[in-house]
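Heads up: the structure comes next, in structure tokens.
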Amino acid sequence: MYAQMVKSEATDEDPAKLAAFQARIDAGERIEPKDWMPEGYRKTLIRQIGQHAHSEIVGQLPEGNWITRAPTLERKAILLAKVQDEAGHGLYLYCAAETLGISRDELTEQLLSGKMKYSSIFNYPTLSWADIGAVGWLVDGAAIMNQVPLQRTSFGPYSRAMIRICKEESFHQRQGYDLIRKMAEGTPEQKAMAQDALNRFWYPSLMMFGPSDKDSVHSTQSMAWKIKINTNDELRQKFVDQTVPQAEFLGLTIPDEHLKWNEDKGGYDFSEPDWNEFYEVLKGNGPCNADRMEARTRAWRDGEWVRDGLMAHARKQTSRRVAAE
Amino acid sequence: MSSEWPLWEVFIRGQHGLNHRHVGSLHAPDAELAIRHARDVYTRRNEGVSIWVVPSAQITASAPSEKGPLFEPANDKVYRHPTFYDIPDEVGHM
Amino acid sequence: MAPSLSDVMTPDAAALAAAQKGEGRAPLKAGSPEHDLFTGLTRLGDNCLILGHRVSEWCGHAPVLEEDIALANMALDLIGQTQLWLGLAGEVEGRGRDADALAFRRDGWDFHNILLVERPNGDFGQTLMRQFLFDAWHAPMLKALEGSSDDRIAAIAQKAGKEVAYHIERSADLVIRLGDGTEESHARMQAALEALWGYAGEAFIADAVDTRLAEAGLMPAPESLRATFDETVNAVFAEAALTRPESDFAHKGGKQGRHSEHMGHLLTDMQWLQRAYPDAKW
């Protein structure tokens with residue numbers, strides 16, 4: 001998911017307070033920034049929301065890679081609007097994280113220093129126009145699986161950000177499917193691009209949900225806090241079950257020879273992604289990790305004079321106003 | 001000099017004349033730019049016809065610990081709600 | 001839709017449809033009123049297209065998130081305007097080319113944008129200054145076009161005018177703020193102005209096509225917009241503490257299809273898919 005492998009922080013606070021806090025969550029109440037909360041809850045949320053926000057911002061890059069090459073004016077506008085939405089979603093999420101007592105600049109610095117992570121998926125390259133379809137269809141499709149239940153997460157600002165994001169994202173997956181459908185029904189070259197995109201994005205998309213968390217202590221805590229709503233495996237299964245028929249409709253083949261409908265469980269059996277690859281990508285060894293960080297670092301450093309210049313002007317204006325009064 | 005732009009809370013009034021509603025926050029060096037950013041960030045889908053921005057630092061919020069004393073007294077004032085009163089059907093809509 | 005009688009009876013319905021759209025019709029004759037109008041419209045559309053393309057290059061790379069979003073909004077406005085102007089140009093031409101055909105299948109020498117808009121993005125200051133100089137021409141241009149003798153032109157100008165009113169407000173304000181910001185931001189804005197000023201004048205230089213379009217009441221005479229432009233930029237530069245370069249020397253050629261080296265790279269990027277897979281639908 002956009003927030004993968006988020007470790008929940010241990011908490012050692014007054015058991016009575018903790019119990020009351022848990023009771024509020026169990027009762028379906030929203031926790032608001034000024035409410036008392038366990039330190040572990042706060043820190044885990046900062047990590048999770050921050051990682052989610054970083055993923056949106058870094059996620060602009062692989063799709064942004066094709067804005068200047070979009071093949072029609074309409075496709076260009078759609079893609080630009082979509083990548084712009086991702087900037088907006090990053091912004092909403094950073095604001096939600098900021099209510100927990102960390103600034104956006106601090107979060108940014110932690111991303112650039114490598115202290116904070118973003119989703120593994122954005123370290124894969126977009127190599128053909130069909131990839132833009134695959135990203136919308138598969139990557140946004142996988143993200144939505146997670147984001148829809150997160151609208152009910154216990155932390156108020158996070159929940160409200162997710163509601164807004166889900167509303168805006170509703171067109172993202174559809175435009176991706178529409179795009180790849182045009183490719184799949186197009187010329188032999190287009191069809192080949194569509195299949196190739198699916199081949200390359202299938203397993204990285206499955207990795208987005210993170211490794212199996214059946215036995216993870218962290219997941220149990222996060223689920224009790226309602227900052228994680230479903231297990232990774234539940235969401236992955238749901239994603240596969242939803243996506244297979246969509247691929248069949250396109251006449252594309254999911255690159256998994258073991259993919260098979262399992263009547264008993266009412267879902268597909270499918271192959272696990274290569275988890276070694278996943279851990280390598282998280283460690284920085286994905287195909288695009290270095291490029292992504294370089295792009296974000298350059299934007300941040302090159303933009304410093306603009307941010308400072310605008311702030312300086314605002315300060316001057318204030319002092320001029322004060323002097324005039 | 002490197003200092004972060006202050007945070008602003010954004011309120012938007014939609015097409016239908018309802019109250020301004022809090023929609024989120026953003027960063028801006030001053031009020032004027034905050035309005036412009038709000039236009040660009042929060043009205044991309046035609047959501048509003050009027051924008052208010054307020055420095056987040058200027059918002060005074062009620063304390064969560066006072067939630068009981070502040071809001072519970074209103075709980076038993078049931079007579080303030082129209083459903084408290086029985087009006088016979090024959091009287092018609094009221 | 002059920003096939004019409006002619007579709008059933010004609011062996012090659014596609015060819016007939018193409019002929020009805022005007023495909024294969026001879027190019028417009030240079031100097032004819034249709035050709036003039038077509039040229040004028042591609043000038044408007046190409047300016048929007050090329051500038052929109054340049055601005056879209058920023059997506060994901062801007063100095064701050066709020067600005068990233070604002071730049072994308074501007075690029076989206078410009079792409080939308082491109083669709084309108086080039087759509088009308090294709091209609092006027094009557095040879096079956098739509099806005100996409102004009103944007104993605106013309107060669108560099110058939111593009112008629114001013115050189116200013118194809119300048120590379122440079123730093124944020126250069127992008128901003130390019131935008132401001134363009135907006136300071138674009139806003140009065142659209143205002144004048146609202147009075148065009150051609151209703152279609154007037155309608156597009158009216159719609160685009162609202163968007164551009166916001167663009168100029170934004171770019172002017174940011175030029176002032178950064179001109180009067182830190183020492184560094186001031187120096188960068190002054191450098192941007194000096195680098196780009198030589199490209200600001202082309203829009204005001206008339207050629208024979210412009211003159212005939214103005215005489216027909218279709219588009220304003222380019223030089224008639226200069227006074228408003230000067231007034232805008234002088235006021236903004238004064239407030240921004242920027243010094244207007246002394247020489248008004250103007251690079252030109254873009255409007256006639258003689259572009260800078262940058263243009264070829266931009267088009268290579270932009271047109272690649274359509275050129276590489278001409279039979280594909282997207």
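Annotations for the structure displayed:
- Some residue of the range C:110-129 being in a helix (DSSP H, G or I) and over 24 Å from C:Phe237 (Cβ atoms): yes
- Pick from the range A:87-136, criterion away from chain B (no Cβ under 12 Å) and charged (D, E, K, R), ranking: surrounded by the fewest Cβ atoms within 10 Å (Cβ to Cβ): A:Lys115
- For the range A:295-325, the set of residues classified as within 14 Å of chain C (Cβ to nearest Cβ) and outside any helix (DSSP H, G or I) consists of A:Gly303 only.
- Boolean, A:Arg292 is facing chain C (nearest Cβ under 9 Å), under 30 Å from the mean Cα position of the chain (by Cα) and among the charged types (D, E, K, R): no
- The range C:100-118 residues that are aliphatic (A, V, I, L, M), paired with ones that are not in a helix (DSSP H, G or I) (beta carbon under 7 Å, 6 or more apart): C:Leu115/C:His251; C:Leu115/C:Gly253; C:Leu115/C:His259; C:Leu115/C:Ser260; C:Leu116/C:Ala200
- The criterion of at least 3 residues that are under 17 Å from the mean Cα position of the chain (by Cα) and within 13 Å of another protein chain (Cβ to nearest Cβ) is met by the following strands (runs of 3 or more DSSP E) wholly inside chain B: B:7-13, B:21-27.
- Set side by side, the residues A:Met293, A:Met207 differ, and just one is touching a Pro at 6+ places or on another chain (Cβ under 7 Å), crowded, with 16+ Cβ neighbours inside 10 Å and not polar (S, T, N, Q), which is A:Met207.
- Selected residue [open to solvent by 60 Å² or more (accessible area, probe 1.4 Å) and among the charged types (D, E, K, R)] from C:Glu239, C:Glu202: C:Glu239
- Contacts under 6 angstrom Cβ, first residue in the range C:57-79 being in contact (Cβ under 8 Å) with a residue 12 or more places away in the chain, partner assigned to a loop (DSSP other than H, G, I, E, B), 6 or more apart: C:Glu57/C:Asn121; C:Pro63/A:Gly303; C:Leu71/C:Trp58; C:Leu71/C:Ala62; C:Ala72/C:Cys59
- Selection status of C:Ala99, surrounded by fewer than 18 Cβ atoms within 10 Å (Cβ to Cβ) and among the small types (Gly, Ala, Ser): no
- Qualifying residues in the range C:48-87 (those that are touching a helix residue (DSSP H, G or I) at 6+ places or on another chain (Cβ under 6 Å), of a type in the set (Gly, Ala, Ser) and in a helix (DSSP H, G or I)) - the one surrounded by the most Cβ atoms within 10 Å (Cβ to Cβ): C:Ala72
- One residue alone among C:Glu194, C:Glu231, C:Glu246, C:Glu184 is open to solvent by 10 Å² or more (accessible area, probe 1.4 Å), within 14 Å of chain A (Cβ to nearest Cβ) and of a type in the set (Asp, Glu), and that residue is C:Glu184.
- Residue in the range A:273-288 that is exposed (fewer than 15 other Cβ atoms within 10 Å of the Cβ), hydroxyl-bearing (Ser, Thr, Tyr) and without any contact (Cβ under 8 Å) to a residue 40 or more places away in the chain present: yes
- Residues located in the range A:161-182, provided they are open to solvent by less than 60 Å² (accessible area, probe 1.4 Å) and touching a Phe, Trp or Tyr at 6+ places or on another chain (Cβ under 7 Å): A:Ala161, A:Arg164, A:Ile165, A:Gln173, A:Gly176, A:Tyr177, A:Ile180
- Going through (1) under 20 Å from A:Tyr158 (Cα atoms); (2) modelled with pLDDT under 95; (3) of a type in the set (A, V, I, L, M, F, W, C) one by one, A:Leu235 falls short only on (2).
- Condition check for C:Phe124 on (1) out of contact with any Pro (no Cβ under 6 Å at 6 or more places or on another chain); (2) over 12 Å from C:Cys48 (Cα atoms): one failure, at (1).
- Residue match in the range C:103-114 (condition: within 30 Å of C:Leu178 (Cβ to Cβ), within 14 Å of chain A (Cβ to nearest Cβ) and at pLDDT 95 or above): no
- Among the criteria (1) touching a residue at least 24 places away in the same chain (Cβ under 8 Å); (2) among the hydrophobic types (A, V, I, L, M, F, W, C); (3) not in a helix (DSSP H, G or I), the one C:Leu44 does not fulfil is (3).
- The set of residues in the range A:72-85 being more than 7 Å from chain C (Cβ to nearest Cβ) and either out of contact with any Gly (no Cβ under 9 Å at 6 or more places or on another chain) or open to solvent by 10 Å² or more (accessible area, probe 1.4 Å) (or both) consists of A:Glu74, A:Ile78, A:Asp85.
- Among (1) in a helix (DSSP H, G or I); (2) more than 7 Å from every other protein chain (Cβ to nearest Cβ); (3) not small (Gly, Ala, Ser) - the single one A:Pro287 does not satisfy: (1)
- Considering the conditions (1) open to solvent by 30 Å² or more (accessible area, probe 1.4 Å); (2) of a type outside the set (Gly, Ala, Ser); (3) farther than 30 Å from C:Ser185 by Cα, B:Arg44 is excluded by exactly one of them, (3).
- Where A:Gly114 falls short, out of the listed (1) over 30 Å from C:Arg105 (Cα atoms); (2) in contact (Cβ under 8 Å) with a residue 60 or more places away in the chain; (3) in a helix (DSSP H, G or I): (3)
- When A:Phe171, A:Phe209, A:Phe201, A:Phe122 are checked against the criterion of being assigned to a loop (DSSP other than H, G, I, E, B) and hydrophobic (A, V, I, L, M, F, W, C), A:Phe209 stands alone in meeting it.
- Entirely in the range A:1-71, the helices (runs of 4 or more DSSP H) that have 1 or more residues that are within 14 Å of chain C (Cβ to nearest Cβ) and either within 30 Å of C:Ala276 (Cβ to Cβ) or open to solvent by less than 10 Å² (accessible area, probe 1.4 Å) (or both): A:39-58, A:60-64
- Residue match in the range A:183-194 (condition: under 18 Å from A:Lys82 (Cβ atoms), of a type outside the set (Ser, Thr, Tyr), surrounded by 16 or more Cβ atoms within 10 Å (Cβ to Cβ) and within 14 Å of chain C (Cβ to nearest Cβ)): yes
- Counted residues, the range C:59-80 - those being more than 9 Å from chain A (Cβ to nearest Cβ) and either touching an Asp or Glu at 6+ places or on another chain (Cβ under 7 Å) or more than 24 Å from C:Phe132 (Cβ to Cβ) (or both): 2
The values are calculated or read from the model by the stated rules, or taken from the named source; none is laboratory data. This is a predicted model, so every value here is computed, not measured. No Cβ is skipped: glycine too gets one built from the backbone with ideal geometry, and neighbour counts run over all protein chains shown. Remember, those area values only see protein heavy atoms, side chains included, never the ligands or the DNA or RNA. Shrake-Rupley method; radii C 1.70, N 1.55, O 1.52, S 1.80 Å.
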